[in-house]
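Data first, discussion second: the structure below is written as structure tokens.
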Amino acid sequence: MPILGVDFGLKRSGLAASDAEDQYALPLETVPTEELLQVILSLREQEGFETIVLGEPISIKGHGNAMTEKVGVFKKELESKAFKVFLMDERYSSRLALRSMASAGLRAKKSKKAKDEMAACIILQDYLDSLNLSS
């Protein structure tokens, strides 16, 4: 069963999905955050997602912030729809996404959506790697 990764943002949210063996995260799409829940519900019908890895914004010092609270509210909303939701520290995911894009020759300003999808991939890949290490 594939796993969905989410980089939750105020305006846009990036989505990524695991491959069939849960080894690799692949970019899916970027959606307006106001449509995120509906898109996730639709993806569950189409692809069978039951597990979601949601990036948890934590400061460099390890503290939560206002965005952490918004992610917590969204997590509860997803759980109320019978999803299994895991939080994954997303520190540096956007920065790593920008570096990956730069090394591939993509400009961040022209590819905001790609950055969100790449950040979701990084969050999901961290989770998949943690699963594979514990196996």
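Every number here is computed from the coordinates shown, using simple stated rules; none is lab data. Quick caveat: nothing in here was measured; it's all calculated off a predicted structure. We place every Cβ from the backbone using ideal geometry, glycine too, and count neighbours over all the protein chains shown.
Some notes on this structure:
- FRET E, pair Thr51, Lys11, Förster distance 35 Å, beta-carbon r, rounded to 0.05: 0.85
- Pairs exceeding a 22 Å alpha-carbon distance, out of Lys11/Lys75; Lys61/Lys84; Lys70/Lys115; Lys11/Lys76: Lys61/Lys84.
- Qualifying trypsin sites (Lys or Arg not before Pro) for the stretch 1-81 [loop in DSSP, other Cβ within 10 Å: at most 10]: Lys11, Lys61
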